[in-house]
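> My questions all concern the structure below.
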Amino acid sequence: MTLRTMGDAVSAWKAPFLRYERHLSAAAMVAGFAVDNFAFGRVDHPGAHIVFIGYLAVAVLSIALGHAVRARRDREQAKLAALREKENARATSDETPLPPKRSRLGLWMRAATQFALGGLWSGFLVFYSRSAVLAASWPFLLLLLCFLIGNEAFRHYHSRLVFASLLLFFALYSYAVFVVPVFTKTLGLVTFVASGVLACGAFFLFLHLLRKIDRARYAQSRWKLIGGALAIVVAMNAFYFTGILPPLPLALSDVGIYHEIHREGAVYQAQGENEPLAARLGLARPVIHVVPGEKLALYSAVFAPIKMTTRISHRWQWWNARAGSWQTQSIVSFQIAGGRDRGYRAYSLKSDPRAGDWRVDIDSADGRLIGRLGFAVVPVVSQPAMVAKTLS
């Protein structure tokens, strides 16, 4: 068989895969979204973690097998190059050069990598957005969104060892950040550091696997892989210490400002003003009309994984227009217990709040922002009309 005949044979079986490659990629991404919507509920639900671990396993195997395929292809190309030199004397001047040989398995591995990473970005965006306050965590959420949207555009890069491996490490780190607290039932700096150590250890084992598969090709990319991994570690720590990283697995389920709250058994009853539609939809701040000497109550329901006990704080802040800054007026800290689907319910009181703009930050024990509610206080002589509300 001549070199030209070999090239024609390769093109014959490869053409259908190349023709439908874009459709296969789109179908893989849609399938990933469908699985996510079905499986992802609570962050501590076993089904969600089975899906995440499945995605990570598919990503690891597809990248490793793709690495093996590319290594074998490089060796075959070297042999073909040597054969071409031997037959060069017999080749005609108009002979078509041998096209690069692409493995059918390599194409499927690239599609599998895209499917797994797309599913991971989708799941991370679902959970992290539930736990995030946009004002604080938008850079991290934007990064996840870019990865999710760009997953289709990146499909040709998933076959590149460094690119796919570093995306895998970022996914490992993002998963470890919330899976370690779910299993240890703890939050804070030590837990975050343990998450990083776990992610780095898993990635080290993955790099060891790549080295075992093909040392020569791994050696060409080793320092890029190590440098990229260090950059991800620095970025994740910067996200954490600046408060950009959402406080997953904690998530704010409900929040509201009321004139009065009291508990009747397992039910919380509140008295509040009838808010306009824009305020109920979160498009405008609530306006609270307060008579002299009155107290306001900030209600929050914060979800935490089952059997987790931690502390949260309500930080009452007033906008000082003269200073141009938010000034903390009081901090109420208390313990919550996890497990309830709609979150652990609690409220704090603020006596005789002054007129102006207010906000209450709901903070985790390590100072990250779980939720925030802004509102305006307007002094009045007589109490406004009230509506009763049962808080879930």
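> Given the residues Arg345, Arg354, which is the only one that is buried (at least 18 other Cβ atoms within 10 Å of the Cβ) and either within 29 Å of Ala278 (Cβ to Cβ) or small (Gly, Ala, Ser) (or both)?
None of the other options fit; the residue is Arg345.
> Could I ask something else about it? Kindly evaluate Phe147 against the criterion of being at pLDDT below 95 and in a helix (DSSP H, G or I). Let's see the steps before the verdict.
Details: at pLDDT below 95: yes; in a helix (DSSP H, G or I): yes.
Here the answer is yes, as Phe147 does meet what is asked.
> Related question: Taking the range 370-386 as the region of interest, how many residues are more than 14 Å from Gln317 (Cα to Cα) and either in contact with a helix residue (DSSP H, G or I) (Cβ under 6 Å, 6 or more places away or on another chain) or open to solvent by less than 60 Å² (accessible area, probe 1.4 Å) (or both)?
Qualifying residue count for the region: 5.
> Confirm whether Phe334 is crowded, with 19+ Cβ neighbours inside 10 Å and out of contact with any Asp or Glu (no Cβ under 6 Å at 6 or more places or on another chain). Reasoning before the result, please.
Details: crowded, with 19+ Cβ neighbours inside 10 Å: no; out of contact with any Asp or Glu (no Cβ under 6 Å at 6 or more places or on another chain): yes.
No.
> Is it the case that Leu142 is touching a helix residue (DSSP H, G or I) at 6+ places or on another chain (Cβ under 7 Å), among the hydrophobic types (A, V, I, L, M, F, W, C) and open to solvent by 10 Å² or more (accessible area, probe 1.4 Å)?
So Leu142 does not fit the description; no.
> Related question: Among the listed residues Arg280, Arg322, which satisfies the condition of being without any contact (Cβ under 8 Å) to a residue 60 or more places away in the chain, out of contact with any Cys (no Cβ under 9 Å at 6 or more places or on another chain) and within 28 Å of Phe140 (Cα to Cα)?
Of Arg280, Arg322, the one residue that is without any contact (Cβ under 8 Å) to a residue 60 or more places away in the chain, out of contact with any Cys (no Cβ under 9 Å at 6 or more places or on another chain) and within 28 Å of Phe140 (Cα to Cα) is Arg280.
> Then there's this: Tell me which of these Ser313 doesn't satisfy, since it passes every other one: (1) under 18 Å from Val360 (Cα atoms); (2) under 25 Å from the mean Cα position of the chain (by Cα); (3) surrounded by fewer than 14 Cβ atoms within 10 Å (Cβ to Cβ).
With respect to (1) under 18 Å from Val360 (Cα atoms); (2) under 25 Å from the mean Cα position of the chain (by Cα); (3) surrounded by fewer than 14 Cβ atoms within 10 Å (Cβ to Cβ), Ser313 is out only on (3).
> Give the residue, chosen from Arg285, Arg311, that is touching a strand residue (DSSP E or B) at 6+ places or on another chain (Cβ under 7 Å) and assigned to a loop (DSSP other than H, G, I, E, B). So that I can check it myself, show each step before the final result.
Working: Arg311 fails: assigned to a loop (DSSP other than H, G, I, E, B).
Checking each option against the conditions leaves just Arg285.
> Inside the range 110-127, can you point out the residues that are among the aromatic types (Phe, Trp, Tyr) and either under 23 Å from Leu283 (Cβ atoms) or out of contact with any Leu (no Cβ under 8 Å at 6 or more places or on another chain) (or both)?
Within the range 110-127, Phe115 is the sole residue that qualifies.
> Go through the range 227-259 residue by residue and tally those that are over 18 Å from the mean Cα position of the chain (by Cα) and without any contact (Cβ under 8 Å) to a residue 12 or more places away in the chain.
Qualifying residue count for the region: 2.
The values are calculated or read from the model by the stated rules, or taken from the named source; none is laboratory data. As the structure is a prediction and not an experimental result, all values here were calculated from the model. All Cβ positions, even for glycine, are placed from backbone atoms using ideal geometry, and neighbour counts span all protein chains on display. Ligands, DNA and RNA are excluded from the accessible area calculation, which covers all protein heavy atoms including side chains. Shrake-Rupley method; radii C 1.70, N 1.55, O 1.52, S 1.80 Å.
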